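First up is the structure itself, then whatever we jot down about it.
The values are calculated or read from the model by the stated rules, or taken from the named source; none is laboratory data. Worth saying up front: this structure is predicted, and the values here are computed from it rather than measured. Cβ coordinates were reconstructed from backbone atoms using ideal geometry, including for glycine residues, and neighbour counts include every protein chain displayed. Surface areas here come from the heavy atoms of the whole protein model, side chains and all, with no ligands, DNA or RNA. Shrake-Rupley method; radii C 1.70, N 1.55, O 1.52, S 1.80 Å.
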Amino acid sequence: MRTKEQPLIFELSRKGRKGDSLPELDVPDVSVEELLEDSYIRKEEAKLPEVSELQLVRHYTALSNRNFGVDSGFYPLGSCTMKYNPKVNEVVARMPGLSHIHPYQPEEQVQGALELMHELQESLAEMTGMKEVTLQSAAGAQGEWTGLMMIRAFHEANGDVERTKVIVPDSAHGTNPASASVAGFDSVTVRTDERGLVDLDHLREVVGKDTAALMLTNPNTLGLFEEDIVQMAEIIHSAGGKLYYDGANSNAILDKARPGDMGFDVVHLNLHKTFTGPHGGGGPGSGPVGVKEDLVPFLPKPLLIKKEEQYTWDYDRPQSIGRVKPFYGNFGINVRAYSYIRTMGLEGLKQVSEDAVLNANYLMKRLEPYYDVPYSQYCKHEFVVSAKRQKDQGVRALDIAKRLLDYGYHPPTMYFPLNVEECMMIEPTETESKETLDEFADALIAISKEVEENPDYVLEAPHHTVVSRLDETTAARKPILKHEQ
Ligand SMILES: *Cc1c(COP(=O)(O)O)cnc(C)c1O
């Protein structure tokens with residue numbers, strides 16, 4: 001827990017203090033005037049703080065300590081799979097043969113790297129029950145868009161140009177309707193019923209000749225398995241639509257169930273979530289997309305293929321939707337995912353699913369006496385609780401999240417999915433111990449008691465952070481990034 005605000009580096013500045021001390025140059029110096037055009041040369045001194053090297057080191061170390069990450073504490077951010085990023089993956093990703101190569105190198109010099117990518121494609125295809133996988137797209141959202149563009153190309157190739165709608169459940173991740181829109185479709189919302197699952201009757205009402213696809217997350221973002229998936233696939237397929245699987249968080253189904261077997265035609269995975277790529281802070285990500293046989297011609301090009309024992313990029317793909325990312329995807333994240341899959345093995349991945357589900361259910365049951373659990377059947381890798389009860393005391397989910405910061409936890413995902421009031425969406429992940437889960441549950445239980453006994457204290461939280469309540473909108477839209485002197 002942090003207590004005291006450190007002085008900022010500009011306040012520490014003393015005229016003439018320096019961060020370096022090197023002997024005079026004993027070789028001829030080149031002047032800036034010789035190197036740069038006049039317009040690039042600074043006319044007055046930069047207003048930089050004048051500090052010692054040690055002060056500078058302390059400044060940046062203090063800043064880094066203000067960051068919260070998986071390596072510093074529990075991070076139960078639902079639908080984000082903030083699980084541990086094994087360090088062996090970092091060792092593998094830094095191997096010179098993988099980290100010192102360039103995408104412009106000739107194929108014959110980088111066969112090892114291509115083999116790794118090809119094996120990764122094949123493992124992901126096998127795990128999801130798809131025919132082929134592309135590693136090109138750099139995020140879940142981009143995977144969604146890529147998949148929808150392929151579905152669109154598929155319908156167009158069949159002369160089926162009236163299919164303008166993509167059906168998305170009201171519990172879906174926000175990227176789903178957004179991707180549909182960017183891919184040129186209108187999204188149609190299908191309701192969730194009282195079980196927390198897609199309302200089949202409503203699905204039958206909204207499906208039609210204009211349906212291009214249904215986008216579904218399964219287990220859905222309430223953490224519930226869509227048990228009617230086979231019927232849903234039948235409804236969509238018989239109307240001529242395709243099924244899109246949002247597999248961003250697949251750690252409940254690894255080696256347990258395959259989207260391909262459920263009837264899905266297109267799948268994206270988030271290697272930066274399920275497959276342990278470090279994420280948060282904007283990337284880099286990797287959102288491979290897998291497709292069933294009839295969509296293979298539309299995959300982005302080039303496609304990595306194996307031909308006569310050589311790995312090669314296939315550009316000769318006339319029906320391809322084209323390139324979706326420069327070069328071949330975020331190779332470094334793909335390497336980490338490959339390393340993870342190889343270190344875990346199939347047995348290990350099955351254990352991942354079992355532990356992710358066990359951890360989520362354990363936590364849900366511990367919290368159930370203190371918070372409303374709107375869907376209390378067994379969950380998969382995540383679950384939602386509602387702070388409805390606490391709202392009656394004037395404390396909202398947001399206040400509880402702020403108070404959790406004082407206990408040293410990253411808050412859960414808030415107010416999502418939208419169909420649950422005062423929602424907190426908790427995903428403990430499989431990598432946390434029972435002790436951590438217990439400590440976190442104890443913190444949330446303690447907060448629920450504080451809400452009853454001293455709600456104002458919770459309303460004013462956080463009390464122990466460097467800064468307290470921020471204007472988050474202004475902080476995001478108009479960040480002040482300069483220290484005014
Ligand atoms: C994270 C997530 C996405 C989006 O993935 P990005 O890599 O952030 O673009 C899509 N769907 C679900 C269910 C997710 O959890």
- Regarding residue 413, is this residue touching a strand residue (DSSP E or B) at 6+ places or on another chain (Cβ under 7 Å), within 30 Å of residue 350 (Cβ to Cβ) and open to solvent by 10 Å² or more (accessible area, probe 1.4 Å)? yes
- Assess whether residue 102 counts as being surrounded by 15 or more Cβ atoms within 10 Å (Cβ to Cβ), over 25 Å from residue 218 (Cβ atoms) and away from the ligand (no atom under 16 Å from the Cβ). no
- Does segment 200-212 contain any residue that is buried (at least 23 other Cβ atoms within 10 Å of the Cβ) and touching a residue at least 60 places away in the same chain (Cβ under 8 Å)? yes
- Item | Criterion: within 13 Å of residue 268 (Cα to Cα), within 15 Å of the ligand (Cβ to nearest atom) and not in a helix (DSSP H, G or I) - qualifying residue of 179, 137, 171 | 137
- Item | Candidate set from segment 454-475 (those that are among the aliphatic types (A, V, I, L, M) and at pLDDT below 90); member that is surrounded by the most Cβ atoms within 10 Å (Cβ to Cβ) | 466
- Are there any pairs with C-beta distances below 6 angstrom linking a residue in segment 65-82 that is more than 16 Å from the ligand (Cβ to nearest atom) to a residue that is of a type in the set (Ser, Thr, Tyr) and modelled with pLDDT of 95 or more, with the two at least 6 apart or on different chains, and if so which? 74/409; 74/436
- Query: All but one of (1) free of Cβ contacts under 8 Å to residues at least 40 places away in the same chain; (2) closer than 23 Å to residue 298 by Cβ; (3) more than 16 Å from the ligand (Cβ to nearest atom); (4) small (Gly, Ala, Ser) hold for residue 123; which doesn't?
  - Reply: (1)
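May I ask you to say which residue of 319, 377 is under 30 Å from residue 442 (Cβ atoms), more than 25 Å from the chain's Cα centre (by Cα) and part of a loop (DSSP other than H, G, I, E, B)?
Values: 319 fails: under 30 Å from residue 442 (Cβ atoms).
Exactly one residue qualifies, and that residue is 377.
State whether the residues of segment 294-305 include one that is assigned to a loop (DSSP other than H, G, I, E, B), away from the ligand (no atom under 16 Å from the Cβ) and either surrounded by fewer than 19 Cβ atoms within 10 Å (Cβ to Cβ) or of a type in the set (A, V, I, L, M) (or both).
Yes: segment 294-305 contains one or more residues that are assigned to a loop (DSSP other than H, G, I, E, B), away from the ligand (no atom under 16 Å from the Cβ) and either surrounded by fewer than 19 Cβ atoms within 10 Å (Cβ to Cβ) or of a type in the set (A, V, I, L, M) (or both).
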- Item | Hey, residue 111 touching a residue at least 40 places away in the same chain (Cβ under 8 Å), at negative phi and more than 16 Å from the ligand (Cβ to nearest atom) or not | yes
- Task: Report whether or not residue 325 is out of contact with any Asp or Glu (no Cβ under 6 Å at 6 or more places or on another chain) and either of a type outside the set (A, V, I, L, M, F, W, C) or modelled with pLDDT of 95 or more (or both).
- Result: yes
- For residue 243, are the conditions met, namely being away from the ligand (no atom under 14 Å from the Cβ), closer than 20 Å to residue 353 by Cβ and among the hydrophobic types (A, V, I, L, M, F, W, C)? no
- Does segment 151-167 include one or more residues that are open to solvent by 10 Å² or more (accessible area, probe 1.4 Å), modelled with pLDDT of 95 or more and either closer than 14 Å to residue 324 by Cβ or within 12 Å of the ligand (Cβ to nearest atom) (or both)? yes
- Mind checking which residues of segment 268-282 are near the ligand (Cβ under 8 Å from one of its atoms) and either open to solvent by 10 Å² or more (accessible area, probe 1.4 Å) or small (Gly, Ala, Ser) (or both)? 272, 273, 279
- Message: Between a residue in segment 259-274 that is acidic (Asp, Glu) and any residue that is modelled with pLDDT of 95 or more, which pairs come within a Cβ distance under 7 Å, given they are 6 or more apart or on different chains?
- Response: 261/129; 265/242; 265/243; 265/291; 265/292; 265/295
- Item | Residues within segment 118-137 that are surrounded by fewer than 23 Cβ atoms within 10 Å (Cβ to Cβ) and either of a type in the set (A, V, I, L, M) or in contact with a helix residue (DSSP H, G or I) (Cβ under 8 Å, 6 or more places away or on another chain) (or both), tallied | 6
- Item | Among residues of segment 168-196, those that are open to solvent by less than 10 Å² (accessible area, probe 1.4 Å) and among the aliphatic types (A, V, I, L, M), counted | 4
- Looking at segment 398-412, which of the residues that are touching a residue at least 40 places away in the same chain (Cβ under 8 Å) and assigned to a helix (DSSP H, G or I) is farthest from residue 386 (Cα to Cα)? 406
